[in-house]
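> Below is a structure I'd like to ask you about.
The values are calculated or read from the model by the stated rules, or taken from the named source; none is laboratory data. Here the structure is a predicted model, which means the values were calculated and not measured. All Cβ positions, even for glycine, are placed from backbone atoms using ideal geometry, and neighbour counts span all protein chains on display. To get the accessible areas, we keep the full protein, side chains included, count just its heavy atoms, and leave off ligands, DNA and RNA. Shrake-Rupley method; radii C 1.70, N 1.55, O 1.52, S 1.80 Å.
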Amino acid sequence: QVQLVESGGGLVQAGGSLRLSCAASGRTFSSSAMAWFRQAPGKEREVVATISCSGRSTYYADSVKGRFTISRDNAKNTVDLQMNSLKPEDTAIYYCAADNRCFLGTRTSYAYWGQGTQVTVSS
């Protein structure tokens, strides 16, 4: 089983930045697709960004494109989400997810999930 632990969430003013980090267990991290999801109160969970096992392919939700950047360090078993120009509508619990497949694209069937970290953007 893969264990995922998110960190870096917190409270930030609109226009500010946060960097989320996800630490993953397992020797197969370099062959795993990774993703960030988020869920706001009263809303469905949605994909924020995904990255392939190699890091060469990425996907971003239209709502965050140009503001967020997903990256990974396979030597350290970590995946990060740099969030810039934050908006109040970015407020949500952010979840790290992993899958044994190399790249899922727009598919959402990730096998492993972290506990989530709260991001709150004030206006």
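> Where only protein heavy atoms count, and the probe is 1.4 Å, what is the accessible area per residue for the chain in Å²?
Numbers: 6170 Å² over 123 residues.
Counting only protein heavy atoms, the per-residue value for the chain is 50 Å².
> Report, to the nearest whole %, how much of the accessible area of the chain belongs to carbon and sulfur atoms, 1.4 Å probe, protein only. Could you put the intermediate results ahead of the total?
Numbers: 2920 of 6170 Å².
Looking at the chain in its full context, I get 47 percent from C and S.
> Students often forget the sequence filter, so: which lysines lie under 18 Å Cα-Cα from Lys65 once same-chain residues fewer than 8 apart are removed?
Lys87
> Mind putting a number on the dipole of region 38-107 about its Cα centre? Charges go on the C-beta only, +1 for Lys and Arg and -1 for Asp and Glu, and I need it in Debye to the nearest 20. Numbers along the way, then the final one.
Numbers: 11 positive and 8 negative charges, 29 e Å.
Result for region 38-107 is approximately 140 debye, rounded to the nearest 20.
> Tell me, what is the percent relative contact order of the chain, built from C-alpha pairs under 8 Å that lie six or more residues apart? Display every interim value, and only then the final one.
Working: 312 pairs, mean separation 44.4, N = 123.
Relative contact order comes out at 36 percent.
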